[in-house]
1. Is it the case that some residue within the stretch B:246-257 is open to solvent by less than 10 Å² (accessible area, probe 1.4 Å) and facing chain A (nearest Cβ under 9 Å)?
2. Only residues that are open to solvent by 60 Å² or more (accessible area, probe 1.4 Å) and within 14 Å of chain B (Cβ to nearest Cβ): list them for the stretch A:246-283, please.
3. Please verify whether A:Thr187 is open to solvent by less than 10 Å² (accessible area, probe 1.4 Å) and more than 14 Å from chain B (Cβ to nearest Cβ), treating the condition exactly as stated.
4. Which members of the stretch B:159-186 meet the condition of being more than 22 Å from the chain's Cα centre (by Cα), closer than 19 Å to B:Thr82 by Cα and in a helix (DSSP H, G or I)?
5. Would you call B:Phe158 over 22 Å from A:Ala208 (Cα atoms), surrounded by 22 or more Cβ atoms within 10 Å (Cβ to Cβ) and within 7 Å of chain A (Cβ to nearest Cβ)?
6. With a cut-off of at least 3 residues that are open to solvent by less than 50 Å² (accessible area, probe 1.4 Å) and within 14 Å of chain B (Cβ to nearest Cβ), name the helices (runs of 4 or more DSSP H) lying wholly within the stretch A:24-143.
7. Determine whether A:Ile6 is open to solvent by 40 Å² or more (accessible area, probe 1.4 Å) and either of a type in the set (A, V, I, L, M, F, W, C) or under 28 Å from A:Ser153 (Cβ atoms) (or both).
8. Name the helices (runs of 4 or more DSSP H) wholly within the stretch B:230-343 that hold at least 2 residues that are farther than 28 Å from B:Leu110 by Cβ?
Amino acid sequence: MYAIVIHGGAGAMPRATLSAEREQTYRAGLATSLDGGYAVLERGGSSLDAVAAAVRILEDDPVFNAGRGAALTRDGAAELDAAIMDGRQLRAGAVASVRHVKNPIDLARRVMEKSRHVLLVGAGAEEFALEEKFVLVPNHYFRTAERIEQLESEQRGQRVSDLVPPATHGTVGAVALDTHGHLAAATSTGGMTNKRPGRVGDSPIIGAGTYAKNGVCAVSATGHGEYFIRTVAAYHVCAAVEYRGLTLQQAVHEMLHQILRGLGGDGGLIAVDRDGRIVMDFSSEGMFRGARDSDGRREIAIY
Amino acid sequence: MSRLQLSAILGLLSLAASAGVIAAAHAEPRPIALVIHGGAGVIEPSRMTPAKEASYRAGLEAALAAGYAVLERGGSSLDAVTAAVRTMEDDPQFNAGRGAVLNHDGDAQLDAAIMDGNGPHAGAVAAVRHIKNPIELARLVMEKSPHVLLVAEGAEDFALEHGVVLVPRSYFRIEARERELEEARAMPAPSAGLRVSAQESMGTVGAVALDRAGNLAAATSTGGLTNKLPGRVGDSPLIGAGTYADNASCAVSGTGQGEYFIRQVVAYDVCALVQYRHMTPAQAMHEVIHEKLARSGGTGGAIAIDPAGNIAMDFNTVGMFRAARDSRGRREVAMYGDAPQAK
C-alpha cells in the first residue's frame, strides 16, 4: 500500500470568483504535483522523495502561494518558509524567512540532511544554502503580477492596524506513505499577503504545520498559521491517534472543527496514516487538494 | 462615633464577612507555584568552585524571588514567568540576554517564547541581536500583534515600532563567552553544518508558574549554542518544542539539545501525556525525558507544572540549574543530579 495526498492552500474561495478557466489551471497544477509525487512512490521511491517532488512542483507553479507566485510581504518582497519531516527517525529540516531560494523545500531537506540543525532562518539560512552550492535567485523571480496586484489591493483596503486578522491563506503541502511503510510530510509557503517582514507561520514549525512519525501519521496544514502554532496542530493530530486511539479522521476533525474553530481559526489539514488511510478536511470554504493511492483512488478537488 | 468611623467599621465588617465566605468556600487557599531552570548540561561538583556555585545559587534565588513575589501579591503567572526570566536574562552567568553564548560570527543571537495557558496565547522571537530582554519582546508579539513568531530584522523592526530601545551587540558579549567561542572555533570544522563545538553549552533559562486564579504560563529564553550557524533556531522559541502552556494540561519549559526537542515536540508531548494519558507531570516528564528523548539520543531537561500545583524538574544530563517555590512551603535551589527529584 502506498499513497500521497497534496494540498494547495485553503481559504475563502467562493465558486463565483473562480472562472472555469482559472479552475482548470488550479486542477492541472494539482494533477501535475500529485502525479509527480505518485510516480516516485510507484517506482518504489521513498515517501520523502515523493513529498519533496510534489511540493517542488507546486513551488514552481505560480498560481500557488509557495516559491514562485508566493504572497508578498508589506514591503513587496516574497519571504518563504518550508519544512520537511521524515517519519522514519523523526528527522526534520526547515527554513523560514528566506528571500532568494528558488525551492525552499529543497533547502529544508538540505538542512535536515547536511546540518545538525532543524531550523535555519533569514540570512543565515541563505548563507547555508550558498555553502551547500545552491544558486540563489533574485527576489523578483518570485513576484508575479497577480501577487503584486493582490498586495496593492490589500494595502489600499482593509488594513487599518496590526490586529486585523489576515484574509488570505494559501500554502502547499504533501504527505505520503511509501511501499516500505515510511511516512513523510512537507509544507512550503509564502505566508500571508501583506504580512509583516519576519513573521513566521506554522508551515516551517515542526509539530505546528508539518509532522510525520512512522507507525502513526503524517500531517501537513494550511490556514491561519498562528492558530495552528498555538494548538500544535500537526503533532496534536498524531498524538490523538497515538495516545487516545482516535482514527485519523476523528483526530483531524476534532482539531479543525472543535479546537481551531473554538479559538476562531480556520484552515485545512491533509494526513495519511500507517495503513494508507487518507484524510483531507478543512473548515474554510474550500481547499485545493488531491489524493492518489495504490488501490486506484485518484481525486482532485477544490470545494 | 462619627459617621465616617461608623462606615469604616461597617466596611471592615463586610470585608471580614466576605473574606469568611471565601475562606469557607476554599478551606485551603488556591496554590501558587513557580519553577525555574537555568540550563542543563555537564553540571557537577568537580567542575564547580564554591564561589561559582554560590554565584549560580544566588542567580537562581534572585530569579525565583522576583517571580514568586509577583504570584504572592496576586499577580498573574504570565507576569511571574516574565519577571523570573527577565532576571536571568540580565544575569550574565546564564545563557540568555546579557552573557548569552556567541554564534559563529561572534554575535549573541537570541530566541525567546512565552505562552499564556489561558487562551492559549503565545508570542515568540528568534534570531534577534539587539533586544536587551527578548522575553519582553516575545510578550509584546503575543499582546500587540496578531502573530506568534517574528524573526530577525523583522522582529527588531516590530520592537522599534513599539518603542523598545535597541542595544548594541556589544551589550551581550562577555569575556567568558568570547573565550568559549575561540575554543569552539579552534576545533576542526568538518562542514558548514557541523561547526558547533563538542562541549556545547546547553544553557537556556525558563520558568513555569501557576497563579492564584489557576492560570498557567511558561517562558523560555536562550542564546542557543556556542559557535552556532547564524540563523540557527533551536527549540526555545518554538511553541510545543521548548515552551508550552495550556490550562487544560500543564506548562513546560525545556533546555537541552534543541533539535531533538523540536523533532519530538517535547513540551507539548509532556502536556499531551498529562491530558490524555492522565499522567502526573513527573510521570509524563520521566516518559519524555528518560524514555523517548533518551532513546533518540537527545539530552536535556525540562520543568513542568500542572493546574493543581504539581511540580516536576527532570533531566537526563549530569545536572540542571533549577529552583522551585510554592505556597505549600516548598522552596529549593539545586543544580546537581543527586538532588532529590520532584514527585
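The values are calculated or read from the model by the stated rules, or taken from the named source; none is laboratory data. Fair warning: this is a prediction, and the values are worked out from it, not measured in the lab. Cβ sites come from the backbone with ideal geometry, for glycine too, and all protein chains shown count toward neighbours. The accessibility values were calculated without ligands, DNA or RNA, using every heavy atom of the protein model including side chains. Shrake-Rupley method; radii C 1.70, N 1.55, O 1.52, S 1.80 Å.
1. No, because not a single residue in the stretch B:246-257 is open to solvent by less than 10 Å² (accessible area, probe 1.4 Å) and facing chain A (nearest Cβ under 9 Å).
2. Matches in the stretch A:246-283: A:Gln250, A:Gln258, A:Gly262.
3. Against the criterion (open to solvent by less than 10 Å² (accessible area, probe 1.4 Å) and more than 14 Å from chain B (Cβ to nearest Cβ)), A:Thr187 qualifies.
4. Result: no residue meets the conditions.
5. yes
6. Counting at least 3 such residues, we get A:104-114, A:122-131.
7. no
8. Filter on the stretch B:230-343 gives B:266-276, B:281-285.
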